[in-house]
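Data block below; observations after.
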């Protein structure tokens with residue numbers, strides 16, 4: 001059907017396209033299609049978030065919150081898939097059955113999914129990807145976060161992996177604690193047997209050797225076999241006063257998962273000494289605080305790096321982020337419990353659970369009100385001292401204001417007069433143009449009556465019809481209050497009425513029907529629009545119903561988008577004959593239609609399935 005339509009258009013409008021031009025058109029169409037397909041393919045990004053631990057763990061939930069703070073939880077352009085490896089509660093080593101089972105699950109689950117990026121959190125997920133990335137997710141960029149004890153050697157052979165290390169900065173934390181408690185003789189260390197706990201214990205072991213001249217590090221789990229919660233509570237209760245406690249890790253106790261929300265308050269209650277940590281998720285549960293690592297910050301930083309990669313930044317240009325993003329944070333309740341002065345805290349420290357203070361909560365407002373009050377008082381004194389000068393200034397200001405209003409009023413009146421004169425002039429121009437075209441049309445009509453040759457008479461009548469179509473535009477503009485636009489419905493109705501009268505609607509054999517929406521046309525669009533309708537309807541009246549054949553012509557205009565409209569001129573006649581090209585080679589009409597369509601950058605299509613139907617799309621006509 002499409003081939004037949006293109007063939008008909010070619011014969012009707014006498015296109016002579018060189019073979020080289022055909023090749024260029026084909027290449028242009030191919031390039032446009034390829035670009036469009038690329039845009040569609042790049043529409044939705046598939047992201048896998050692989051967490052080492054389980055949902056509900058505050059640290060993991062905070063990381064997920066940081067990721068969502070960048071990507072948005074319900075971003076329609078992203079398909080974020082989240083997997084929890086649950087290795088805080090189930091872990092039997094990197095080569096154990098748990099990792100093997102997860103590998104098989106992910107292989108089956110993501111075999112048919114094209115992932116654009118992976119974000120991993122914490123050590124076990126990172127180690128899992130180092131082992132299985134190339135087999136499960138070949139070539140997919142990875143951004144990790146929450147990784148402890150990182151070494152650049154880990155990424156050898158993994159060019160598509162980068163991320164954010166969990167820089168606990170335990171050394172800086174110990175320095176801060178000792179500065180706050182210079183008299184302390186020992187620090188009791190709480191650790192567990194998780195992978196993270198083992199890595200942090202190793203760091204603390206090294207620091208114990210370095211700090212042995214300043215204080216003693218006492219590891220409560222001396223043999224690193226794991227303590228039960230009750231064993232830990234007993235050991236804490238036996239510590240001498242004046243000691244410090246450092247909560248490094250306590251999430252697993254001899255294979256049993258520890259819930260921090262219930263365990264930390266018990267640990268705090270059992271300890272007669274202040275407890276410090278490097279994890280912000282347990283701040284507020286009974287620890288004093290410290291230089292804390294924040295899961296939300298880590299997740300957000302990883303998501304920002306992931307966003308750069310999705311926008312086209314190569315992974316190789318995003319080095320692993322190693323600098324600390326930790327924050328000094330303390331709990332006011334614990335500071336008061338151990339009689340610690342808030343003034344002794346390091347600079348830039350944040351304090352939670354501080355009692356409500358209107359001044360502290362609204363410090364900016366209080367100072368703003370004080371400044372406003374001072375300004376008002378100063379202004380009041382100034383007004384009282386200068387009241388007489390102020391009154392004189394007001395009199396002058398009123399005079400100047402009145403003078404300015406008069407100038408504005410005069411200028412506004414002048415502009416209104418100029419606009420009115422311009423509209424009157426435009427109406428007169430349109431009126432005279434319409435009259436002149438009517439005179440020309442009348443002269444052509446008189447002259448056509450003197451022409452004997454039928455073809456010449458048709459040429460005169462067609463010219464008269466075109467001039468009449470343009471004259472109607474100027475008549476409508478003259479009658480309208482708007483000098484730049486006319487109604488398509490009124491305009492085309494007048495054209496069709498003139499054509500019906502000219503052809504006497506084929507002595508009653510032809511019916512013209514319309515389906516025209518209320519669309520407004522500018523002058524630039526109205527002229528080619530009217531001429532196209534005039535040519536297509538005239539052509540149908542002359543050729544669609546030979547002999548005594550009856551039928552109808554339908555003219556329809558509809559808006560198909562905010563900027564495009566479609567014109568349809570259809571007849572129920574005999575359609576296009578095979579020899580139409582040779583019989584109409586001298587005709588100007590259809591060639592004129594083609595030229596007008598190209599002038600307005602429109603698109604013309606021809607359908608010959610039942611009679612003849614021309615469809616023309618006009619772009620750039622705003623609603």
query = Failed condition for residue 589, given (1) at pLDDT 80 or above; (2) touching a helix residue (DSSP H, G or I) at 6+ places or on another chain (Cβ under 9 Å); (3) closer than 14 Å to residue 537 by Cα, with all others met?
reply = (1)
inquiry  = Every residue in segment 536-569 that is buried (at least 19 other Cβ atoms within 10 Å of the Cβ), within 46 Å of the chain's Cα centre (by Cα) and outside any strand (DSSP E or B), please.
reply    = 536
request  = Among the residues of segment 514-532, count how many are touching a helix residue (DSSP H, G or I) at 6+ places or on another chain (Cβ under 6 Å) and touching a residue at least 60 places away in the same chain (Cβ under 8 Å).
outcome  = 6
key: Extreme residue, surrounded by the most Cβ atoms within 10 Å (Cβ to Cβ), among residues of segment 303-330 that are within 27 Å of residue 81 (Cα to Cα) and in contact with a helix residue (DSSP H, G or I) (Cβ under 7 Å, 6 or more places away or on another chain)   = 303
task = Determine if segment 251-269 includes at least one residue that is at pLDDT 95 or above and in a loop (DSSP other than H, G, I, E, B).
result = no
request  = Select, from 87, 60, 100, the only residue that is in contact with a helix residue (DSSP H, G or I) (Cβ under 6 Å, 6 or more places away or on another chain) and either part of a loop (DSSP other than H, G, I, E, B) or not assigned by TED's automatic domain parsing to the domain that holds residue 282 (or both).
outcome  = 87
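Mind listing whichever residues of segment 175-218 are part of a loop (DSSP other than H, G, I, E, B) and under 48 Å from the mean Cα position of the chain (by Cα)?
Here is the first cut: in segment 175-218, the residues part of a loop (DSSP other than H, G, I, E, B) are 181-185, 191-194, 211-215.
Once the filter is applied, which keeps residues that are part of a loop (DSSP other than H, G, I, E, B) and under 48 Å from the mean Cα position of the chain (by Cα), segment 175-218 yields 191, 192, 193, 194.
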query = Looking only at residues in segment 43-57 that are touching a helix residue (DSSP H, G or I) at 6+ places or on another chain (Cβ under 9 Å) and farther than 11 Å from residue 86 by Cα, which one is modelled with the lowest pLDDT?
reply = 45
ask   = Among the residues of segment 135-157, is there at least one that is closer than 25 Å to residue 314 by Cβ, part of a helix (DSSP H, G or I) and either touching a helix residue (DSSP H, G or I) at 6+ places or on another chain (Cβ under 6 Å) or in the same structural domain as residue 192 (by TED's automatic domain parsing) (or both)?
value = yes
key: Search result, residues across segment 303-326 that are in contact with a strand residue (DSSP E or B) (Cβ under 6 Å, 6 or more places away or on another chain), modelled with pLDDT under 95 and outside any loop (DSSP other than H, G, I, E, B)   = 321
request  = Answer with yes or no whether residue 412 is modelled with pLDDT under 85, more than 30 Å from residue 329 (Cβ to Cβ), part of a helix (DSSP H, G or I) and out of contact with any helix residue (DSSP H, G or I) (no Cβ under 9 Å at 6 or more places or on another chain).
outcome  = yes
Failed criterion for residue 348 (all others in (1) touching a residue at least 12 places away in the same chain (Cβ under 8 Å); (2) not assigned by TED's automatic domain parsing to the domain that holds residue 267 hold) = (2)
note = Filter segment 107-130 for residues that are in a helix (DSSP H, G or I) and more than 30 Å from residue 292 (Cα to Cα); the one that is nearest to the chain's Cα centre (by Cα) is 109
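The values are calculated or read from the model by the stated rules, or taken from the named source; none is laboratory data. Every value quoted in this text rests on a predicted model; they were computed, and no experiment measured them. Methodologically, a virtual Cβ is constructed for each residue, glycine included, from the backbone with ideal geometry; neighbour enumeration extends over all protein chains shown.
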